[in-house]
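Student: Below is the structure I would like to discuss, written out as structure tokens.
The numbers here are math on the coordinates, done by the rules we state, and not lab data. Not measured: the values here are computed from a predicted model. All Cβ positions, glycine included, derive from the backbone under ideal geometry; neighbour counts span all protein chains shown.
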Amino acid sequence: MTDAGAGGTTRRAAATGEATGYSSRHPAEELALPAAPSRHSVAAAFTRHRLGVAGLGLVVAIALFSYVGPLLYHANELSVNILATNAAPGAGRPLGTDANGFDILGRLMLGGQASLELGLAVALAATTLGSLWGAISGMAGGLLDAAMMRLVDMLISVPAIFVLIFLATVLRPTIWVLIVALSLMSWPAAARLVRGETLSLRAREFVEAARVSGGSRPHNIFRHILPNAFDTILVNATFQAADAIIVLAALSFLGFGLPPPAVSWGGMLSQGSAYLLDGYWWEVYPVLALLVLTVLAFNFVGEGLRDSLDVRLRGE
Amino acid sequence: MIGYAIRRMLQSVVVLVGVTLIVFVLEHLVPGNLARAILGQRASPGEIAAFDRANGLGQPLVVQYIVFLGHVAEGNLGRSYRLNQSVDSLVAHELPNDLVLVGTALLLALCVAIPLGVAQAARRNTAFDHAATGVSFLLYSIPSYCLGLLLIAGLSIAAHVFPPEAPQAPSAAGVLGDPRALVLPVLTLTLVNVALFSRYMRSSAIATLAEDYVRVARAKGAGGWNLIRRHVLRNSLAAVVTLVGLSLPALLTSGLVIEYLFNFPGTGLTYFTAAVNSDYPVMLGITVLVGFTTVIGNLFADLSYAMLDPRVRYD
């Protein structure tokens, strides 16, 4: 949650009781992996998970709102209109205007595009890099494993927002700078998680068999480890997306996000909160609600996936 | 155990050095050069050369890094060019305030979350459990600054119960002396963590309730509060220690944003102000400090976990 943090994924993994990299040092927490359920039964279980379906529906709705919305609802978000600043919702402007006279509804859509793009891109990049790193580290063992995991420890120790704010004072942030920087700060959480999985998979007979029968390390990683850790990876990716959206909003809220004319939910919230005392509710609550709904939607999808992929829970 | 402790401490030293390396890399990302960034566009070449000499910027990077590492080891975190004050004295002044904010919030969160999580586990899948899970899920998806804004709107603007600004006294004693103004920032940070801790406590207590020793205790007739206190609470607490360690980066991140939102006089707000003023030494010094706090916090968490849980054997 609640906060902006790429440390957030670790936090979330801990909160849901999933194994983090630490579990490899706490043998008591290691659990035997259940047999992987078939993709078909997973889909069936997911559709029965009401929260998961609701979350997925919400994500789709927010994507439609952000991308199809601007095609149907035209608003000028480039030129300031000082004749219509802080206007209450009314005809022609369903959610009113902000302090620069920009249409709020139109801005919500544009902010949604930035949030979704950043969330999905970071989730994809960080999870891919982290999974490969964790799997290689776990399979290698020994000195290489130790060295690789120390790098993970270092990056996890410095909260992303401190680095991102610093970078924003040094470089001019674009969406690509943010995606790369946030991915570089977020992958270690995925790496810890996947390394933990790898360590328990490595001890299983089928991986052992593949190893003795001469399977090369890359072959074992891509053929045996990553496919079997896929469930953990996928669930982690949804939580990473939610965390990235929170960090982007926090960054923009503090004024270190994308510079204008880019629109971000955090920036809208920061500008609108200055008028909280004046009662301009339309400048605060719609964007706040949309931000929370988006994060909630990704978290719901993650919960749904986790429950339907985990056969241990499915019987309940 | 001793072997594990020594190995774990050595690991932490490696990570601490790594944190300084990250900060050193960040420092050298400043475009153009540091002298230009600090002295401004109109600095003469002579002034820039003098600045470079004074700060050892002409030396090879490796030498610069070793000098930097030496400074950090001495507790010298650099000097603010804006405030003409050493970063360590600046931070030393504000750390007690941070401790008041973060420490109180952490303590309160644990006091609420541990009983809540255990109660949820004991009454699993009841209406109470579902309601508590729903609330914590919601809290958990609201970014801390949104939660803070909602609390300000509700408790400060609509109902004038608490002031929207944190205490503005310069010292920790002064901050503590204004408890009414302290309520909203502390409450925000507490709620954020209650959601996280209670979820974890719930799943940990559910796992403990399924253990054989709990079943044995039940078979022998122990039940109710006694069973929870002696067999479940004690054993689940060890897991919370790890969680507190793991959640430190998130806690410090929330701290930064909440200090900004409530104008709380702590290092987070100082970091923000330094960022607005492009006061790089302050930002880098605080980043080192934040990284060190996390590493040392995690070290303590792991060591206490090993001490609390006798089943854990490390080879």
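Student: What angle, in degrees between 0 and 90 and rounded to the nearest 10, separates the Cα long axis of helix B:280-308 from the longest principal axis of the Cα atoms of chain B?
Tutor: Tilt relative to chain B: about 30 degrees.
Student: Please give the charge dipole size of the protein assembly as shown, origin at the Cα centre, charges +1 on K and R Cβ atoms and -1 on D and E Cβ atoms. Round to the nearest 20 debye.
Tutor: Charge dipole of the protein assembly as shown: 1560 debye, to the nearest 20.
Student: I need to check one value: relative contact order of region B:87-308, counting alpha carbon pairs closer than 8 Å and at least 6 residues apart, in percent.
Tutor: Once normalised by length, the contact order is 28 percent.
Student: Other chains' Cβ within 10 Å of B:183-192 residues: what's the mean?
Tutor: So the per-residue partner count for this stretch is 1.
Student: With each label point set 7 Å from Cα along the Cα-Cβ vector, what nm distance links residue A:71 and residue B:178?
Tutor: 5.4 nm
Student: Using all Cα-Cα distances in region B:167-267, what percent lands in each 5 angstrom bin from 0 up to the longest?
Tutor: The calculated distribution, bin by bin, is 2, 11, 16, 15, 12, 11, 10, 9, 6, 5, 2, 0.
Student: Using only the alpha carbon atoms of region B:29-134, find the Kirkwood hydrodynamic radius as the inverse mean reciprocal pair distance, in angstroms to one decimal.
Tutor: 18.7 Å
Student: How large is the helix-only mean residue ellipticity at 222 nm for chain B, computed as the sum of -39500 (n - 2.57) over DSSP H runs with n ≥ 4, divided by its residue count, in deg cm²/dmol to the nearest 500?
Tutor: -23000 deg cm²/dmol
Student: Hey, can you grab everything whose amide H is under 5 Å from the amide H of residue B:79? Only 5+ residues off in sequence or another chain; H modelled, so Pro and N-termini drop out.
Tutor: It is B:87, by chain and number.
Student: Further question on the same structure: Taking the Cα atoms of chain B, what is the range of coordinates along each of the three principal axes, in descending order and whole Å?
Tutor: For chain B, the Cα extents along the three principal axes come out at 84, 59, 32 Å.
Student: Which FRET efficiency value, to the nearest 0.05, do you get for residue B:210 and residue B:69 by plugging their Cβ-Cβ distance into 1/(1 + (r/R0)^6) with R0 = 41 Å?
Tutor: 0.25
Student: Given B:266, B:134, B:210, which one lies farthest toward the positive end of the charge dipole of region B:87-308, if we put +1 on the Cβ of every Lys and Arg and -1 on the Cβ of every Asp and Glu?
Tutor: Highest projection toward the positive end goes to B:210.
Student: If you take the beta carbon distance between residue B:229 and residue B:76 as r and set R0 to 45 Å, what does 1/(1 + (r/R0)^6) give as a FRET efficiency, to the nearest 0.05?
Tutor: Numbers: r = 49 Å, r/R0 = 1.08.
Efficiency computed from Cβ-Cβ geometry: 0.40.
Student: I've got another one for you. Can you tell me the length gained on complete extension of the stretch residue B:4 to residue B:150, counting 0.36 nm per residue apart and subtracting the Cα distance?
Tutor: That works out to 48.0 nm of additional length.
Student: Please compute the average number of Cβ atoms from other chains found within 10 Å of each residue's Cβ in peptide A:241-247. Could the numbers behind the result be given before it?
Tutor: On the way: counts 0, 2, 1, 0, 1, 7, 2.
The shielding value for this peptide is 2.
Student: Determine the gain in length on full extension of the stretch residue B:165-residue B:222; use 0.36 nm per residue of separation and subtract their C-alpha separation, reporting nm with one decimal.
Tutor: The residue B:165-residue B:222 span can extend by a further 15.5 nm.
Student: Can you pull the one-decimal nm distance between simple spin-label points at residue B:104 and residue B:158, each 7 Å off the Cα toward Cβ?
Tutor: It works out to 2.4 nm between the two label points.
Student: For residue A:230 and residue B:42, what does the FRET efficiency come to when R0 = 51 Å and r is the distance between their Cβ atoms, rounded to the nearest 0.05?
Tutor: E between residue A:230 and residue B:42, to the nearest 0.05, is 0.35.
Student: Peptide B:144-154: average number of partner chain Cβ atoms within 10 Å per residue?
Tutor: On the way: counts 7, 13, 18, 5, 1, 9, 4, 0, 3, 7, 0.
Mean shielding by partner chains, rounded to a whole number: 6.
Student: What share of all Cα pairs of the protein assembly as shown, in percent, falls into each consecutive 20 Å distance bin?
Tutor: With 20 Å bins starting at 0, P(r) equals 18, 52, 27, 3, 0.
Student: To continue, here is another question. Computed on alpha carbon atoms, what radius of gyration and Dmax characterise region B:2-73, expressed in Å?
Tutor: When restricted to the Cα atoms of region B:2-73, Rg and Dmax are 16.7, 58 Å.
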